[in-house]
Amino acid sequence: MKKLLALFTALLLFVTLVPDQSFAASSLRVVVDGNKINFPDALPFLDAKNRVQVPVRFVSEALGAKVGWVPASKTVTVELNGKKLALVIGKKQYTVDNANKTMDTAALMKNERTFVPLRFVSEGLGVGVKWDQAVSTAYITTGNDGSNSKPVASPAPSAGTKHTANGFTYYENTGSMLRVDPTQENPPKENAVLIIMVDVMRKSANYEKQMQETEAILRQQIEPKTVDEILAYTAPKKTREYDLPMKFFTDSKYEVIVSGKAYNQLVFTIFRR
């Protein structure tokens, strides 16, 4: 009851009725051995065949593969642990260790960046890949099953004022209009340690950036599976009209209460268990 009272107090603090607009959907996520991968410029996407396309830079940096490019034939080569793939831009045919294979999509160029199909490249290199539609996330396993992975935060914003409270680091004045309230330092168990409010009311608020910052905060201390569940549940709440019922999420150390009723902001209230 005390937790609910704290939550309702937070909602009263944060609610403002200001016109809003719809925002673009959040990007797909890629997780390698339990760690979320950051794509600073070119983002992964679903192509016409519903295959996840990732920038070829990801293959080299996240998987540790050696990537080559043959301009004359528009061929991408990928080498990892003795295996070698070759894909031609726009072609469904590719090779794995000189053996011919066919996929149902193709590598492509987008905004002057080279993208490759994540599943076919991963499987060709011998790493596991699983797509979870519910959370729009591709999970890559390179040999470490990720069971011992610790929560990993997304990179910090490049601007803003840094604050730390109750074990969480967050940034103010980043331009996104996300609001974070640390309530008090080392609060009693029945009080929240942090309250995060995503502004879905004002036209000037950047929804996608707010959600990226929220995810970065959550992943610092909360278990990855729980964060994925929270993000999947809150994904539809992009406008003030959408009614998102209150829901409780727990891991071994924290409880997160999410609320996003119609004509209210999207609020994440974090308690220690």
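Derivation of every value follows stated rules applied to the coordinates shown; laboratory data play no part. The shown structure was predicted, so the numbers you read here are calculated from the model rather than taken from an experiment. Note that each Cβ is placed from the backbone with ideal geometry, even for glycine, and that neighbours are counted across all protein chains shown.
Structure notes:
- For the pair E241 and F45 in one chain, pulling the backbone fully straight at 0.36 nm per residue adds 67.8 nm over the alpha carbon distance.
- Averaging the Cα positions of each part gives two centres, and for the range 255-273 and the range 53-131 these lie 41 Å apart.
- Lys, Arg +1 and Asp, Glu -1 on Cβ, resulting dipole of the range 203-273 about Cα centre, debye, nearest 20: 180 debye
- Loop sites in the range 37-138: GluC sites (Glu not before Pro), DSSP, at most 13 other Cβ within 10 Å: E112
- Distance between the pseudo-spin-label points of V88 and E123 (7 Å out from Cα toward the beta carbon): 2.2 nm.
- Straight-distance candidates among the lysines for linking to K238, with alpha-carbon spacing under 18 Å and chain neighbours fewer than 8 residues away dropped: K203, K209, K247, K261.
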